[in-house]
Amino acid sequence: DTAVSQTPKYLVTQMGNDKSIKCEQNLGHDTMYWYKQDSKKFLKIMFSYNNKELIINETVPNRFSPKSPDKAHLNLHINSLELGDSAVYFCASSRTTIGGYTFGSGTRLTVV
Amino acid sequence: ELKVEQNPLFLSMQEGKNYTIYCNYSTTSDRLYWYRQDPGKSLESLFVLLSNGAVKQEGRLMASLDTKARLSTLHITAAVHDLSATYFCAGTQGGNEKLTFGTGTRLTIIP
C-alpha cells in the first residue's frame, strides 16, 4: 500500500528517557514533516525536511532532533522526555510543487 | 505570520440540518485545506482550495474560498451521523509548505 507509515503507534515511557519515532513514506514525495497534536487537538508543525535538508525548524526544544537518512524517511528522536511532551505526533509528506499532504496514523506518546 | 481561526469550536447539530463552519485567516494564504479527523485517527484530506471563488463539493460537504475576505467555509448539507468528526482548516503561505492549522471544529450529529 502507498502510504505514510509511522512506528510505534503507542509509546508509554518514563520521564527522563530517550525515545525515537520512525516515519517512512513510499509516495515519492520530496518533503516530510513532523506535527504535534496536543491534548486540545491543536496541531502545530515542528520540523520539515526537503530532500534530506532541514527547511523548517519551529521553536521546538533542542531535546527534539529530527533525522532524515533519505527522502523517504524522517525520524524523530526525543531526549530527556518530559511530561509536557505527551501528545500525538504525526508524520506527513507532500510533493512540493503540487502540494497536498498525506498524514501518517500518528504516534501517541505518553510520558509518565 | 499566518494565523488561522476557526469557529465554532464545538457544534452539535441534528441529523438533516444544514450548518457552516467558518475559517478566517490573517494574511494572504497560497492554499487553503480542509481535513477531517475521527477520534484516535489520522487526518483525512477533504478539499484543497487554490483561488478566489473556488468551490468544491463532495457528497454533503461543500467548501468555498473568498480570498478578499480571507475566509473559507465548510458547509454541511442534511447532516448524517457519519459526518461526526473534528474538522480542521489549514493554510500555507509564501511558497512555504508549512501547514498552519485552525483550532478545529468538533462536530457531533445527533439523531
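The values are calculated or read from the model by the stated rules, or taken from the named source; none is laboratory data. Bear in mind the structure is a predicted one, so any value in this text is a computation, not a measurement. Note that we place each Cβ from the backbone using ideal geometry, even for glycine, and neighbour counts take in every protein chain shown.
Data overview
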item: Any chance A:Tyr49 is of a type outside the set (Asp, Glu), buried (at least 20 other Cβ atoms within 10 Å of the Cβ) and closer than 16 Å to A:Gly84 by Cα; result: no
item: Condition check for A:Leu74: surrounded by 18 or more Cβ atoms within 10 Å (Cβ to Cβ), at pLDDT 95 or above and farther than 25 Å from B:Tyr35 by Cα; result: no
item: Output for the stretch A:34-61, where each listed residue is touching a Leu at 6+ places or on another chain (Cβ under 7 Å) and within 8 Å of chain B (Cβ to nearest Cβ); result: A:Tyr35, A:Ile45
item: Selection status of B:Ser72, in contact with a strand residue (DSSP E or B) (Cβ under 8 Å, 6 or more places away or on another chain) and within 14 Å of chain A (Cβ to nearest Cβ); result: no
